[in-house]
Amino acid sequence: MKKLFTLLSFMLLLGSYSGKSQIFWVENFESGSTGGALITSYGGWTLTVTGAEGTDPNTWYVSCAENGHTAGICGSTCAPVSATATGATLHIGSDATASLGDNGASYDAGGLCGILACPQTDRRAESPLINCTGKTNITLAFNYIENGQGTTDDGSVYYSADGGTTWSLLVNTPKTLVSTTCAGQGLWTHYSIALPVSANNNPNVKIGFRWVNNDDGVGTDPSFAVDSVNLSTPAASGVTASFTSSAITICQDSCITFISTSTGTIDSIRWIAPGATVATSTTSPFTTCFPASGTSSVALLVYGGLSFDTAMVTITVNPAPHPVITATGHTLTVGGTYTNYQWTKNDTAIAGATNNTYTYTGTGSFQVIVDSGGCKGKSNIIVHTLGVTEISSIATRYAVSQSGNDAFTLYASQLLTDNLDVKVYDATGRLLLQDNWTVGTDKQQINAPGLTSGIYIIRLGNSDNTAVLKWLKQ
């Protein structure tokens, strides 16, 4: 069926097939099932028994028990959709009652009929009607894996020009490679073939995938699995998609600007950037950020009249480091190995503190900023409150530093789990200022205009915890 599919699935489809064609029908078999969903329960597809069968034939499933992949990738079970993994597939598995059921493209080759199962199979999975009105020179393309046993345990592709009344063999697909690097799994392969001229301008086209196997106990997995099926016609000349990017290798949480340099009479464009903060856009320049490390493919779709083209680039997002400080006495150490280190006190770089350890004196809030392959990351905060009285035994430690003439900043050794009241007293105990420190933060700047130089007492508290700091205002 011509189905709704994810942006990433569409992008993968475009990456698999030439941008110089117009794809007008797509089937990606996104059933949402992780195993056991029969073809007859999926989107208008039907099943026809096409020859003699045993009492326990192998059957067509639609699930990610055999996960789809782009060409050249080893077969696998369910995997997150990515630049090479395309989700659920149509595949042959064994009968769920008499055998193991849907274990991906793994079939029962028989040999024990009368003792256990009788899995002789001859059946075809058939698509819904495909309307090819207005389409000529049509090409069928798909990705697949197939093994079995010669022509006795075998997959093939069929075609109907009259809505499924009659069928003809389109191609007996070749067996795909079983790579030694795939641990016995099949190697996904791309295949395309021109449809007969009877498909031109025909509203009643159907595509079928047939599997046959005897019951001799001889056969090798995988059976037959199909994904990313599409019909296309040659694209009319007119537009050519292209674009530039400000970078193709970035650090986590960084942003890239893409600018379309496409040519021709362009009606509209569409960017597709799965995994980015802005997943789609129709404007150029297009700026988006990448919060997760890994690889992400960004595609530009360009439309002009009856013409369509696409361009694509793969973005590499390097992970940001997350250093952790441990304290032993007054010595702070950061675990891991990084290119550069810079220790800070109260958010200000400490001159010469550029090693993986730092020994501090005095009070303050200490952190380290590290560089790993050009990507920077900031550690947890270590607060030292030497010489400051703390009332109550609490896990969180606090520090204070002056921020200009009319403000001070409070620091906590961890994110606050509750709001704290902040009260400032002079040396005589007179309340001068009251404010609030917001939950979920580890530092807070408090405005304190009009206070003269001298010693002040800062009381932090709520119903559960209380702490007292001494602040010498310069």
*asked:* Looking at L140, L116, L112, L129, can you tell me which residue is in the same structural domain as E27 (by TED's automatic domain parsing), of a type in the set (A, V, I, L, M, F, W, C) and free of Cβ contacts under 8 Å to residues at least 24 places away in the same chain?
replied: L116
_Filter segment 377-411 down to the residues that are closer than 14 Å to R459 by Cα and either at pLDDT 70 or above or under 38 Å from the mean Cα position of the chain (by Cα) (or both) and list them by number._
R397, Y398, A399, V400, F408, T409, L410, Y411
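In segment 62-77, which residue that is touching a helix residue (DSSP H, G or I) at 6+ places or on another chain (Cβ under 8 Å) and part of a strand (DSSP E or B) is surrounded by the most Cβ atoms within 10 Å (Cβ to Cβ)?
That would be V62.
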*Has segment 126-136 got any residue that is in contact with a Ser or Thr (Cβ under 9 Å, 6 or more places away or on another chain) and under 18 Å from A225 (Cβ atoms)?*
yes
*Scan segment 436-470 for residues that are free of Cβ contacts under 8 Å to residues at least 40 places away in the same chain and among the basic types (K, R) and jot them down.*
R459
*Taking segment 85-96, which residues are touching a residue at least 60 places away in the same chain (Cβ under 8 Å) and surrounded by fewer than 20 Cβ atoms within 10 Å (Cβ to Cβ)?*
A96
*Does A276 meet the test of being surrounded by fewer than 18 Cβ atoms within 10 Å (Cβ to Cβ), assigned to a loop (DSSP other than H, G, I, E, B) and not polar (S, T, N, Q)?*
no
*Kindly establish whether P57 is in contact with a Lys or Arg (Cβ under 8 Å, 6 or more places away or on another chain), in the same structural domain as T181 (by TED's automatic domain parsing) and not in a strand (DSSP E or B).*
yes
*Does segment 123-133 contain any residue that is over 33 Å from the mean Cα position of the chain (by Cα) and not in a loop (DSSP other than H, G, I, E, B)?*
yes
*segment 349-376, subset among the polar types (S, T, N, Q) and surrounded by fewer than 16 Cβ atoms within 10 Å (Cβ to Cβ), residue modelled with the lowest pLDDT*: T361
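The values are calculated or read from the model by the stated rules, or taken from the named source; none is laboratory data. Here the structure is a predicted model, which is why all the values come from computation and not from measurement. With ideal geometry, Cβ positions are generated from the backbone for all residues, glycine too; neighbour counts draw on all protein chains shown.
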